[in-house]
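Participant: Here it is, the structure, as structure tokens.
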Amino acid sequence: MSKYIAVAGKGGVGKTTFTALLLRQMVRRKKGTSILAVDADPNANLGEALGLNVTSTISELLEQSKDPKAIPEGMPKNIFIEYKLQQSLVESKEIDLLVMGGPQGAGCYCYPNDILRKHLENIGENYDFVAVDSEAGLEHISRRTIPRIEVMFVISDSSARGIRSAGRVHDLIRGLKSAVQTIFLIVTKTTEGSMESLREEIDRTGLTVIGDIPLDPLVVEYDLAGKPLFDLPDDAVSVQAVDSILNRAGIFN
């Protein structure tokens with residue numbers, strides 16, 4: 001059975017960075033493992049962090065399907081969409097990637113969510129791991145787009161505001177009674193003394209801290225140069241921190 005891992009938190013706290021490094025370590029530590037990465041954030045940039053070229057998203061394909069001329073004569077619309085979704089999967093030697101994309105024009109984001117849920121149910125079980133970079137608003141959690149979640153990492157930066165936001169994510173998940181087995185808090189961009197100064201705020205969230213990721217100049221350097229974070233060296237501070245977190249979380253067991 002596939003193991004589903006979700007990464008949640010508000011925008012700008014380092015969700016995509018953590019997801020990319022999580023995937024990096026899984027590839028290196030679990031050789032031969034099949035992995036599906038899902039970029040469910042409308043502000044999609046997981047592909048860039050992984051060094052994968054994304055040519056289409058689910059939302060773009062759904063927008064195309066609104067044009068009757070785009071659908072071959074005699075082909076049902078749902079079959080056409082399934083066919084296009086298969087084409088949207090970015091396949092590589094180590095990781096396959098599915099990108100949700102942003103809403104196309106005015107209207108509800110519900111239909112793309114429904115399509116993604118059904119598609120994940122169909123293809124997710126073909127992989128050992130499914131790792132989802134969630135959107136800041138957690139619509140994919142509230143709509144149960146992700147079939148189930150064995151481990152969720154809630155990400156916060158090293159600010160009181162970020163920790164409080166992580167606490168609200170925790171409250172939402174508990175309120176929804178979502179099928180999330182284990183939830184951990186990770187604090188990013190920490191410096192000396194950060195964790196101690198945030199201790200009271202963290203305690204109020206009710207979340208279990210699984211670790212922190214120090215501010216890493218190499219991450220900043222790679223981002224500025226447009227280099228994939230997946231290619232960070234083994235001795236990078238952030239890589240070592242993520243590896244320790246995944247060990248404590250039992251991801252490699």
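The values are calculated or read from the model by the stated rules, or taken from the named source; none is laboratory data. Computed from a predicted structure; not experimentally measured. FYI the Cβ positions are ideal-geometry reconstructions off the backbone, even for glycines, and counts take in every protein chain you see. We work out accessible area using only protein heavy atoms, side chains counted, and drop any ligands, DNA or RNA first. Shrake-Rupley method; radii C 1.70, N 1.55, O 1.52, S 1.80 Å.
Participant: Going through the stretch 1-17 one residue at a time, which ones are buried (at least 24 other Cβ atoms within 10 Å of the Cβ) and either in contact with a Gly (Cβ under 9 Å, 6 or more places away or on another chain) or without any contact (Cβ under 8 Å) to a residue 40 or more places away in the chain (or both)?
Facilitator: If the condition is that a residue be buried (at least 24 other Cβ atoms within 10 Å of the Cβ) and either in contact with a Gly (Cβ under 9 Å, 6 or more places away or on another chain) or without any contact (Cβ under 8 Å) to a residue 40 or more places away in the chain (or both), then Tyr4, Gly9, Val13, Lys15 are the ones that fit.
Participant: Which one is modelled with the highest pLDDT, of the residues in the stretch 1-22 that are out of contact with any helix residue (DSSP H, G or I) (no Cβ under 8 Å at 6 or more places or on another chain) and on the phi < 0 side of the Ramachandran plot?
Facilitator: Applying the filter and picking the extreme gives Lys15.
Participant: Moving to a separate point now. Inside the stretch 225-253, can you point out the residues that are among the hydrophobic types (A, V, I, L, M, F, W, C) and assigned to a loop (DSSP other than H, G, I, E, B)?
Facilitator: Answer for the stretch 225-253, where residues must be among the hydrophobic types (A, V, I, L, M, F, W, C) and assigned to a loop (DSSP other than H, G, I, E, B): Leu232, Ala236, Ile251, Phe252.
Participant: So is Arg29 basic (Lys, Arg) and modelled with pLDDT under 90 or not?
Facilitator: So Arg29 passes the test.
Participant: Which one of Glu200, Glu196, Glu192 is of a type in the set (Asp, Glu), loosely packed, with under 14 Cβ neighbours inside 10 Å and assigned to a loop (DSSP other than H, G, I, E, B)?
Facilitator: Sole residue among the options that is of a type in the set (Asp, Glu), loosely packed, with under 14 Cβ neighbours inside 10 Å and assigned to a loop (DSSP other than H, G, I, E, B): Glu192.
Participant: Which number in (1) touching a Phe, Trp or Tyr at 6+ places or on another chain (Cβ under 8 Å); (2) outside any helix (DSSP H, G or I) marks the one condition that Gln181 misses?
Facilitator: (1)
Participant: Is there a residue in the stretch 62-74 that is open to solvent by 70 Å² or more (accessible area, probe 1.4 Å) and closer than 20 Å to Asp133 by Cα?
Facilitator: No.
Participant: Answer yes or no: is there a residue in the stretch 91-98 that is open to solvent by 70 Å² or more (accessible area, probe 1.4 Å), modelled with pLDDT of 80 or more, within 30 Å of Leu218 (Cα to Cα) and of a type in the set (S, T, N, Q). Please lay out each step first, then the result.
Facilitator: Within the stretch 91-98, the first condition is being open to solvent by 70 Å² or more (accessible area, probe 1.4 Å), and the residues that meet it are 91, 93-94.
Next, from what is left, pick out any that are modelled with pLDDT of 80 or more: 91, 93-94.
From what's left, within 30 Å of Leu218 (Cα to Cα): 91, 93-94.
This time we only want the ones that are of a type in the set (S, T, N, Q), so: none.
The answer is no, given that none of the residues of the stretch 91-98 is open to solvent by 70 Å² or more (accessible area, probe 1.4 Å), modelled with pLDDT of 80 or more, within 30 Å of Leu218 (Cα to Cα) and of a type in the set (S, T, N, Q).
Participant: Taking Gly211, is it out of contact with any His (no Cβ under 9 Å at 6 or more places or on another chain), outside any strand (DSSP E or B) and within 22 Å of Ala6 (Cα to Cα)? Break it down stepwise before answering.
Facilitator: Values: out of contact with any His (no Cβ under 9 Å at 6 or more places or on another chain): yes; outside any strand (DSSP E or B): no; within 22 Å of Ala6 (Cα to Cα): yes.
In short, no.
Participant: Ok, one more. What pairs come out if I take residues in the stretch 210-233 that are in contact (Cβ under 8 Å) with a residue 60 or more places away in the chain and at positive phi and pair them with residues that are among the acidic types (Asp, Glu) and in a helix (DSSP H, G or I) whose C-beta lies under 7 Å away, six or more apart or interchain?
Facilitator: Once the first residue is in contact (Cβ under 8 Å) with a residue 60 or more places away in the chain and at positive phi and sits in the stretch 210-233, no partner that is among the acidic types (Asp, Glu) and in a helix (DSSP H, G or I) comes close enough.
Participant: Could you tell me which residue of the stretch 32-69 is modelled with the highest pLDDT, considering only residues that are touching a strand residue (DSSP E or B) at 6+ places or on another chain (Cβ under 6 Å) and of a type in the set (Val, Ile, Thr)?
Facilitator: The selected residue is Ile35.
Participant: Given (1) over 13 Å from Lys10 (Cβ atoms); (2) of a type outside the set (Asp, Glu); (3) modelled with pLDDT of 90 or more; (4) buried (at least 21 other Cβ atoms within 10 Å of the Cβ), identify the lone condition not met by Phe184.
Facilitator: (4)
Participant: Checking Asp41 against (1) open to solvent by 80 Å² or more (accessible area, probe 1.4 Å); (2) part of a loop (DSSP other than H, G, I, E, B); (3) among the acidic types (Asp, Glu); (4) touching a residue at least 12 places away in the same chain (Cβ under 8 Å), which single condition isn't satisfied?
Facilitator: That leaves (1) as the condition not met.
Participant: Given the conditions (1) open to solvent by 10 Å² or more (accessible area, probe 1.4 Å); (2) touching a Leu at 6+ places or on another chain (Cβ under 8 Å), which single one is not true for Leu246?
Facilitator: (1)
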